[in-house]
Amino acid sequence: MACGEPERAYELMRTNQAEYPIRVMARVLGVSASGFYDWRDRQPPDRQRSDAALLRRIRTVHAVSHGTCEAPRVHAGLRAEGVQVGCERVARLMREAGIAGVSRRRRTVSTTVRAPERTSAGDLVRRNFTADGPDRLLVADIAFVPTAAGVLFLAVVLDAWSRRIAGRAFSHDPRTRLVLDALDMAIAARKPKDVIHHSDKGSRYTS
């Protein structure tokens with residue numbers, strides 16, 4: 001397993017040091033065990049103050065979700081607020097503070113609700129999400145990100161050839177305008193001439 005920067009690897013090692021030997025994790029992550037110990041010893045007191053401040057933000061995001069958010073979603077909420085932090089660090093602080101998420105499947109947000117009175121276009125790609133070149137197949141979808149201010153909806157348009165985002169839009173309201181804004185951005189940026197736009201059959205895309 002490779003981590004982009006040594007600090008991310010060290011954070012992952014500190015998070016899992018109760019379960020795995022330091023030297024084994026160091027070898028797998030491509031860093032040195034001595035480097036980890038030097039990094040760990042340099043943490044106090046600034047790191048402790050930083051952890052304490054971050055833990056307060058984590059508690060806020062977790063509380064807003066009514067205690068349902070687990071580490072990955074808390075991490076997503078922090079990133080949406082502009083907090084640059086690794087998921088491993090969030091998971092460690094939550095575990096040390098005894099903060100855990102609770103799954104409530106009945107309250108999940110559905111972003112694929114078909115409008116019964118609308119008909120959708122046929123599947124022109126036949127579930128084959130590959131393309132022979134750029135700007136030939138744009139794939140669209142909506143995701144939701146929990147934040148301290150509530151659920152934030154993200155509409156994305158992806159170029160199937162490059163796998164890069166061609167258009168995107170954020171909103172607290174998942175209306176049709178959200179997906180149109182993402183599509184408008186993709187069209188303005190890429191200016192495709194002969195392109196297929198593929199999405200699910202949710203009400204925002206069939207309205």
What does the extension gain come out to for Ala100 and Val151, with contour length at 0.36 nm per residue minus their alpha carbon separation?
16.5 nm
What's the FRET efficiency of Leu124 with Thr68 using the Cβ-Cβ distance as r and R₀ = 30 Å, to the nearest 0.05?
0.20
Gain in span if fully extended, Thr176 to Ala18, counting 0.36 nm per residue against the direct Cα distance
52.1 nm
Suppose R0 equals 45 Å. What FRET efficiency, 1/(1 + (r/R0)^6) with r the Cβ-Cβ distance, do Ser34 and Asp184 give to the nearest 0.05?
0.25
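Rule-based calculations on the coordinates, nothing more; no lab input. Every value quoted in this text rests on a predicted model; they were computed, and no experiment measured them. Counting neighbours? That spans all protein chains shown, and the Cβs are built from the backbone with ideal geometry, glycine included.
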